[in-house]
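Trainee: Questions regarding the structure given below will be posed in turn.
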Amino acid sequence: MYTNQILLAEDDTTDAEFFQRALSRLDSPPELVWCKNGVEALEGLASYTEAASLPRLAILDIKMPGMSGLEVLEKLKSDARTKDMPVIIMSSSDEPQDIARAYDYGANGYLVKPSRFQDLRELVGSINYFWIKTNRLRPADS
Amino acid sequence: MHAHEDLVAQQLRNLYPFKVNLENCDEEPIRYIQSIQAHACLVAVELDTLTVRFASENTMQHMGKSWKSILDRPIQEVFSFEVTAQIPVGLNREDGFETLNPIQAFFTIGSERVLKNVIINRSDDYLLIEVEAASQFLHASRYQQLLSRAITKIQRLREYDNLFTETAAVLRQVTGYDRVMIYKFDEEYNGEVIAEARREGLEPFEGLRYPHTDIPKQARELYLKNRVRLISDTSTPSSPLRRSDNVGDHYLDLTAAGSRGVSPVHVEYLGYLNVNNSLSVAIVQEGKLWGLFAMHHYSPRFVDVSIRNMLLFVGQIFSGHLSLQMANRYRQESLNRNLARLAIGEMITKTRDIFEGLTAGTHNVLNMFQGTSGAAIQFDGRYQQFRSAPPQEKINDLIALVRENNGPENNLIFHHDRAGKTYPDLQQYSDSAAGIMIIFLNAEFTDWVAWFRPGISHTITWAGKPEKEMVDSGDGVRRLGPRKSFQRYVETVDGCSAPWTKEEIDLALSLRITIINSLMQRYSEVKQVNDQLRKALEDLETFSYTVSHDLRAPLRAINGYTEILAEDYGQHLDDDARLIIQKIHSGVEQMNNFITDILELSRVGSGGMQLDEVAPAPLAAEVISELQGVYPNAERVAVNIQRNLPVVRADKRLMRQLYLNLISNAFKYLEPDASGKLALSIGARPASEGEPTTYYVTNTGPAIPEEYTRTIFEMFSRLSSQTKAEGTGVGLAIVDRIVQRHNGKVWVTNDHLGVTFNFFLSPENTAR
């Protein structure tokens with residue numbers, strides 16, 4: 001049974017709220033698990049006993065207090081249990097070096113936070129379509 | 001025998017124990033002359049055996065014994081106990097016989113017992129014993145009185161210049177010579193009479209110059225060893241020195257003997273001067289012959305050895321006094337000079353500029369040295385001349401030449417008072433720059449300070465033409481004769497400046513240190529400021545990066561909530577509320593653009609540059625097609641891109657940004673020209689003398705007022721807030737930054753289509 005969960009690690013309450021709002025406008029939206037920082041995200045993911053029950057996708061903000069999104073990403077990709085969970089890095093930065101670094105750490109995608117809510121809604125829609133509805137890459141699915 | 005055998009040549013051959021080169025006075029071995037002046041006789045005793053081995057022919061006259069009778073006799077048989085008793089004493093004393101001389105002893109000459117002065121000196125393995133007259137009239141008290149009078153007078157003198165005239169007068173009083181001269185040598189040992197005292201009716205010699213050949217090198221060397229030289233009577237021939245057959249090839253070195261015979265050439269010379277008698281006292285300064293007390297008498301005159309010793313003493317006092325006065329004068333002058341030097345150093349530190357520092361103060365490059373006609377500074381690629389100077393390239397040519405010829409002294413300084421003679425290229429500048437002194441501030445000789453001195457027609461009054469004559473010595477050999485004519489001979493030397501004195505050279509050298517120290521201080525300050533700036537810039541870039549991103553979050557919040565408001569509650573809002581929402585949006589949009597531009601600016605400033613050959617035309621075309629979608633009026637603008645725009649060396653990304661900003665700036669401010677036409681043109685002007693290829697972007701539109709042509713490149717500067725054109729005011733600041741990073745220049749002109757932005761890049765030119 002698929003959980004249809006998206007984990008979002010985001011310290012900015014507003015950004016998280018927008019994400020939630022954008023998500024909620026979809027037909028049959030996935031469930032959003034919101035963690036306020038990197039440490040909370042890792043703890044949250046540790047509570048999933050089976051790899052198959054992990055969220056379908058983790059979206060990590062880069063700049064977070066305590067542990068950055070990239071550090072969380074690194075930990076997830078080096079843990080056999082979580083390494084196959086798709087991770088998208090989300091940031092307000094469109095600096096080429098930031099983007100390159102995220103992919104170096106093993107990110108499956110990089111999103112620049114749109115400045116318009118409308119754009120965010122479209123983005124969230126496409127994420128949902130690709131990663132939740134059509135993505136069949138996870139080993140648990142095979 | 002030749003019909004007219006030259007007497008002097010004959011004498012020269014006879015007087016020396018070996019063959020003498022007659023053509024060169026400098027080679028006459030005068031210390032080996034085998035003759036003794038008539039006023040004394042000389043007996044040389046071999047130290048090993050204390051036996052007489054040499055004797056002058058005139059011993060009979062002075063000692064009452066013939067030379068033949070005393071050769072090879074033990075010393076006790078020849079001299080009385082008064083003399084022989086002193087020999088072991090003198091041999092065991094550190095200063096030898098100096099303080100024992102003269103030994104007074106009686107000799108039986110004919111039937112008379114005569115008091116004589118015996119002077120003993122050691123010469124290698126021999127004792128040179130001279131016997132000469134002792135003046136009966138010279139009592140100890142009289143002699144001491146004369147001496148103390150002379151010394152007191154000299155010591156009382158306070159003024160340097162008076163020292164000479166006064167000393168000459170005192171010496172004449174003491175010795176009674178017809179003429180007493182203070183004779184000073186220059187660097188080449190030409191002598192000049194700097195002061196004299198003379199008998200009435202004699203022609204003045206003061207100011208006359210004597211060429212160095214008048215007192216040849218070996219004679220000068222003898223003066224250092226035996227400082228008093230009496231030539232008592234040139235009219236009486238010298239007495240030949242005879243030697244025992246037992247000495248083999250040994251020739252006596254007569255350096256120490258005061259009565260040493262006179263070179264026939266010198267006798268000839270004195271003859272031309274009509275001088276019968278000369279007495280000279282060497283003045284030695286720091287081991288070098290400074291000059292002479294030169295005394296002439298026109299009739300025979302014998303000077304007692306006690307007086308000669310006294311003169312020697314007076315000479316030493318004089319020399320000491322001279323040192324003291326020179327030191328005082330030097331100290332005073334160097335104090336003044338050092339003050340000037342320190343003031344310049346301070347000025348350099350203060351102004352942080354060598355050009356300013358050397359010229360702005362009361363003490364400056366032009367008044368540092370007396371009589372300079374001008375100065376020039378070449379430093380760090382900059383060149384400036386002050387008052388008059390030869391062309392820069394001529395000076396640099398000179399430096400190159402100097403470097404080829406073993407380089408300047410210690411690689412620090414070059415000086416010449418007749419540069420045109422050695423470096424003919426500079427001849428034509430002799431009027432203002434005959435003398436040149438250059439201090440070098442770097443190892444490459446590209447940074448220097450130079451001073452120039454005008455050429456002066458320098459007249460030297462020689463006492464006769466300063467050339468010796470070749471005399472036919474009769475057997476086909478020519479010998480160098482002394483100068484015959486002492487008619488005043490005025491020589492004019494052109495293209496020669498006043499000399500750079502040792503003090504001036506020392507000053508230039510210490511100024512060099514001062515400049516370098518001050519510059520180093522400046523450099524370290526600049527470096528510190530640079531480091532701080534770099535750090536500040538880095539901080540600023542980090543800051544703007546961070547801030548820009550952080551600023552975006554609240555903007556997203558404002559934007560997002562307003563959108564949600566409009567979407568979810570749109571039906572509850574009236575038109576006014578919706579308009580307000582729109583205004584919020586456009587405010588946020590503008591803020592976003594600001595942030596994007598500031599981020600862009602911080603990016604332009606940081607990061608490495610990758611230089612490539614960039615073709616500007618395709619870049620510009622790409623930018624234009626991109627911007628045509630953004631600016632609504634772009635479609636109506638006649639755009640022209642010059643064909644074959646020359647490639648430029650630049651970072652391609654930055655170059656693109658440069659065109660993007662310039663062209664979007666043009667689109668923003670485009671206005672129709674008089675004929676109503678909207679146009680934009682991109683082109684370049686080919687490089688011309690001194691100016692690199694200049695690229696430009698021009699558009700129709702109002703001219704930019706002169707006062708804004710520079711400020712528009714500053715951050716957040718916009719010509720007018722009333723203008724309808726949108727923009728953040730950062731775009732041109734970015735342009736300026738990009739151009740600066742390429743060591744180029746950007747400026748605005750009101751030509752071509754209306755307003756033109758011109759720029760050139762020269763990324764390889766780091767000096768800019």
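Trainee: Against the condition assigned to a helix (DSSP H, G or I), touching a helix residue (DSSP H, G or I) at 6+ places or on another chain (Cβ under 7 Å), more than 14 Å from chain B (Cβ to nearest Cβ) and open to solvent by 30 Å² or more (accessible area, probe 1.4 Å), how does A:LYS75 come out, does it pass?
Mentor: Spelling it out, A:LYS75 is indeed assigned to a helix (DSSP H, G or I), touching a helix residue (DSSP H, G or I) at 6+ places or on another chain (Cβ under 7 Å), more than 14 Å from chain B (Cβ to nearest Cβ) and open to solvent by 30 Å² or more (accessible area, probe 1.4 Å).
Trainee: Picking from B:TYR177, B:TYR189, B:TYR223, B:TYR160, which residue would you name as being at pLDDT below 80 and either not assigned by TED's automatic domain parsing to the domain that holds B:SER299 or not charged (D, E, K, R) (or both)?
Mentor: Exactly one of B:TYR177, B:TYR189, B:TYR223, B:TYR160 is at pLDDT below 80 and either not assigned by TED's automatic domain parsing to the domain that holds B:SER299 or not charged (D, E, K, R) (or both), namely B:TYR160.
Trainee: From the list A:LEU60, A:LEU111, which residue is without any contact (Cβ under 8 Å) to a residue 60 or more places away in the chain, outside any helix (DSSP H, G or I), open to solvent by less than 80 Å² (accessible area, probe 1.4 Å) and in contact with a Gly (Cβ under 6 Å, 6 or more places away or on another chain)?
Mentor: Of the residues listed, the single one that is without any contact (Cβ under 8 Å) to a residue 60 or more places away in the chain, outside any helix (DSSP H, G or I), open to solvent by less than 80 Å² (accessible area, probe 1.4 Å) and in contact with a Gly (Cβ under 6 Å, 6 or more places away or on another chain) is A:LEU60.
Trainee: Here is a list of conditions, (1) at pLDDT 85 or above; (2) open to solvent by 30 Å² or more (accessible area, probe 1.4 Å), and B:TRP500 meets all of them except one; can you say which number that is?
Mentor: (2)
Trainee: Any residue in segment B:134-151 that is within 17 Å of B:PHE313 (Cα to Cα) sitting within a Cβ distance under 6 Å of a residue that is modelled with pLDDT of 70 or more? List the pairs, counting only those 6 or more apart or interchain.
Mentor: B:TYR143/B:SER306; B:LEU146/B:VAL174; B:LEU147/B:MET310; B:ALA150/B:VAL170; B:ALA150/B:VAL174; B:ALA150/B:VAL314; B:ILE151/B:ILE317
Trainee: Could you run through segment A:107-134 and say how many residues are within 10 Å of chain B (Cβ to nearest Cβ) and either out of contact with any helix residue (DSSP H, G or I) (no Cβ under 9 Å at 6 or more places or on another chain) or among the polar types (S, T, N, Q) (or both)?
Mentor: The total comes to 3.
Trainee: Kindly establish whether B:GLU192 is over 22 Å from B:ASN277 (Cβ atoms) and not in a loop (DSSP other than H, G, I, E, B).
Mentor: The answer is yes for B:GLU192.
Trainee: Test B:ASP568 against the criterion of being open to solvent by 40 Å² or more (accessible area, probe 1.4 Å), within 14 Å of chain A (Cβ to nearest Cβ), without any contact (Cβ under 8 Å) to a residue 24 or more places away in the chain and farther than 30 Å from B:LEU658 by Cβ, and give yes or no.
Mentor: When the stated conditions are applied, B:ASP568 passes them.
Trainee: Identify all residues within segment B:520-545 that are within 14 Å of chain A (Cβ to nearest Cβ) and surrounded by 13 or more Cβ atoms within 10 Å (Cβ to Cβ); write none if there are none.
Mentor: B:GLU541, B:SER544, B:TYR545
Trainee: Here is a follow-up. When residues of segment B:571-624 are filtered for being open to solvent by 70 Å² or more (accessible area, probe 1.4 Å), within 12 Å of another protein chain (Cβ to nearest Cβ) and in contact with a helix residue (DSSP H, G or I) (Cβ under 8 Å, 6 or more places away or on another chain), how many remain?
Mentor: 1
Trainee: Here's a check for you: in segment A:9-47, which residue that is touching a Pro at 6+ places or on another chain (Cβ under 8 Å) and open to solvent by 40 Å² or more (accessible area, probe 1.4 Å) is nearest to the other protein chains (Cβ to nearest Cβ)?
Mentor: This residue is A:ASP11.
Trainee: While we're here: Can you name every residue in segment B:678-710 that is touching a residue at least 40 places away in the same chain (Cβ under 8 Å) and aromatic (Phe, Trp, Tyr)?
Mentor: Within segment B:678-710, B:TYR695, B:TYR696 qualify.
Trainee: Quick one: in segment A:2-44, which of the residues that are touching a residue at least 40 places away in the same chain (Cβ under 8 Å), in contact with a Cys (Cβ under 9 Å, 6 or more places away or on another chain) and aliphatic (A, V, I, L, M) is farthest from A:SER68 (Cα to Cα)?
Mentor: So, considering only residues that are touching a residue at least 40 places away in the same chain (Cβ under 8 Å), in contact with a Cys (Cβ under 9 Å, 6 or more places away or on another chain) and aliphatic (A, V, I, L, M), the one farthest from A:SER68 (Cα to Cα) is A:LEU7.
Trainee: Among the residues of segment B:378-397, which ones are under 17 Å from B:ASN442 (Cα atoms), in contact (Cβ under 8 Å) with a residue 40 or more places away in the chain and of a type outside the set (Phe, Trp, Tyr)?
Mentor: Answer for segment B:378-397, where residues must be under 17 Å from B:ASN442 (Cα atoms), in contact (Cβ under 8 Å) with a residue 40 or more places away in the chain and of a type outside the set (Phe, Trp, Tyr): B:GLN378, B:ASP380, B:GLY381, B:ILE395.
The values are calculated or read from the model by the stated rules, or taken from the named source; none is laboratory data. None of these values were measured; they are calculated from a predicted model. Reconstructed Cβ throughout: ideal geometry from the backbone, glycine too, with neighbour counts over all protein chains shown. Surface areas here come from the heavy atoms of the whole protein model, side chains and all, with no ligands, DNA or RNA. Shrake-Rupley method; radii C 1.70, N 1.55, O 1.52, S 1.80 Å.
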